[in-house]
1. Name, by its number, the condition in (1) assigned to a helix (DSSP H, G or I); (2) farther than 19 Å from GLU35 by Cβ; (3) in contact with a strand residue (DSSP E or B) (Cβ under 8 Å, 6 or more places away or on another chain); (4) not charged (D, E, K, R) that does not hold for ALA93.
2. Whether any residue in the range 100-110 is closer than 21 Å to ILE3 by Cβ, open to solvent by less than 20 Å² (accessible area, probe 1.4 Å) and not in a loop (DSSP other than H, G, I, E, B) is what I want to check.
3. How do the strands (runs of 3 or more DSSP E) wholly within the range 3-67 filter down when requiring 3 or more residues that are under 13 Å from the mean Cα position of the chain (by Cα): which remain?
4. Please go through the range 30-55 and give me each residue that is within 21 Å of PHE82 (Cβ to Cβ) and of a type outside the set (D, E, K, R), ordered by number.
5. Go through the range 113-129 and give me each residue that's of a type outside the set (A, V, I, L, M, F, W, C) and within 13 Å of ALA81 (Cα to Cα).
6. Just give me the residues in the range 68-77 being in contact (Cβ under 8 Å) with a residue 60 or more places away in the chain and part of a loop (DSSP other than H, G, I, E, B), in sequence order.
7. Going by the structure shown, is ALA81 of a type in the set (Gly, Ala, Ser) and either in contact with a His (Cβ under 7 Å, 6 or more places away or on another chain) or closer than 20 Å to THR124 by Cβ (or both)?
Amino acid sequence: MKIARIEHLGIAVQSIEDALPFFKDVLGLEVYKTEVVEDQKVKTAFLKVGEVKLELLEPTSPDSTVQKYLDKGGRGVHHVAFKVTDGVTEALAECDAKGIRLIDKAPRKGAENLNIAFLHPKSTCGILTELCEE
């Protein structure tokens, strides 16, 4: 697998509206896109820092994985997403062959119409890892 770059950092927040003053007023960042990802039960807001994006994740349902993360005391960085150059399907196969626990066995559509798949944090040094391709 070849990693091109960090695609984005996913940041779990209870409310995008409540979090934005820090990102906008303190850091000077602007939201360039918001989107609801129905199957993941989240609303997203994207901001750019150079070539890296920040994805604010607000749960839209009590059974959202992001809400469960927040309920367990998690907040802040939820996941790190890497852009792969050889395709998510190929990257998943390589990870599986190396004994990495997969959350997704095949790519699915994510925010910004990316093909995505997640690797389980129990196999990735405790970091929820997302693989992405355009």
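The values are calculated or read from the model by the stated rules, or taken from the named source; none is laboratory data. Given the structure is predicted, the values throughout are model-derived calculations rather than measurements. Here Cβ is always computed from backbone atoms with ideal geometry, including for glycine, and neighbour counts include all displayed protein chains. Remember, those area values only see protein heavy atoms, side chains included, never the ligands or the DNA or RNA. Shrake-Rupley method; radii C 1.70, N 1.55, O 1.52, S 1.80 Å.
1. Here ALA93 meets the rest and fails (3).
2. No, every residue in the range 100-110 fails to be closer than 21 Å to ILE3 by Cβ, open to solvent by less than 20 Å² (accessible area, probe 1.4 Å) and not in a loop (DSSP other than H, G, I, E, B).
3. 3-12, 42-49, 52-59
4. Listed by number, the residues that qualify are TYR32, VAL37, GLN40, VAL42, THR44, ALA45, PHE46, LEU47, VAL49, GLY50, VAL52, LEU54.
5. Residues of the range 113-129 of a type outside the set (A, V, I, L, M, F, W, C): 113, 115, 120-124, 126, 129.
ASN115, HIS120, PRO121, THR124, THR129 - these are the residues of the range 113-129 that are of a type outside the set (A, V, I, L, M, F, W, C) and within 13 Å of ALA81 (Cα to Cα).
6. Narrowing the range 68-77 to residues in contact (Cβ under 8 Å) with a residue 60 or more places away in the chain: 74-77.
Within the range 68-77, GLY74, ARG75 qualify.
7. Working: of a type in the set (Gly, Ala, Ser): yes; either in contact with a His (Cβ under 7 Å, 6 or more places away or on another chain) or closer than 20 Å to THR124 by Cβ (or both): yes.
Spelling it out, ALA81 is indeed of a type in the set (Gly, Ala, Ser) and either in contact with a His (Cβ under 7 Å, 6 or more places away or on another chain) or closer than 20 Å to THR124 by Cβ (or both).
Results for (1) more than 12 Å from ALA12 (Cα to Cα); (2) in contact with a Gly (Cβ under 9 Å, 6 or more places away or on another chain); (3) modelled with pLDDT of 95 or more; (4) crowded, with 18+ Cβ neighbours inside 10 Å, shown as yes or no for each residue.
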{"site": "LYS33", "(1), (2), (3), (4)": "yes, no, yes, no"}
{"site": "VAL52", "(1), (2), (3), (4)": "yes, no, no, no"}
{"site": "GLU58", "(1), (2), (3), (4)": "no, no, yes, yes"}
{"site": "VAL88", "(1), (2), (3), (4)": "yes, no, yes, yes"}
{"site": "LEU92", "(1), (2), (3), (4)": "yes, no, yes, yes"}
{"site": "ILE116", "(1), (2), (3), (4)": "yes, yes, yes, yes"}
{"site": "THR124", "(1), (2), (3), (4)": "yes, no, no, no"}
